[in-house]
Amino acid sequence: MKAKIVAVMAVVLGLALGAYAQNMVEYSTAATHSAGSVAAAGSALNKATKRISGSGGGSSNSPKLWEAKPTAADQKPAKPTPPAVFILANGERFESSSYVLTADSLNVQQGTTQRSIPVAQLNLPATVAANHERGINLQVPKNSTQIMLSF
């Protein structure tokens, strides 16, 4: 009788965890749930199994859930990318995170203002170098079939 109760509880808890995992995959909520909440659910399953089976030792047939411990890299928030810097041939510098760069023009959103600048007015080597220093791999399109976006 005890073995049947353990088996039923294991199946119920397994289905619940399976539904939770499926929900995370189907609705892309994996990024919004911490690894700790998943580990806590696994820990609860292991504790419930031990409590039902009695002594905590369980039998070799009792289900066990492996818990993945979150690493330090998992818990660090993502570092925001700095805005790109653009340097014009006349020396003017400005920054923007929202831009479209084509082989012919640079369209930049600065606050509520939209600005269109011909690529010929950009100091391309200085612009690429300044962005490289910031850790931004700014690539200038070579022809009209390429485009670089940032939003």
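No lab work stands behind these numbers, since they all come straight from the coordinates. All values derive from a computational prediction rather than experimental measurement. Positions of Cβ are generated from backbone atoms using ideal geometry, with glycine treated the same way; all protein chains shown enter the neighbour counts.
Thinking of region 84-150 as a set of Cα atoms, what percent of all their pairs are more than 16 Å apart? Value for region 84-150: 41 percent of Cα pairs lie more than 16 Å apart. Model label points for Q110 and T81, set 7 angstrom from Cα along the Cα-to-Cβ axis, are 2.1 nm apart. Treat each spin label as a single point 7 Å out from the Cα along the C-beta direction, and report the N90 to A103 distance in nm. Label-label distance for N90 and A103, simple model: 2.8 nm.
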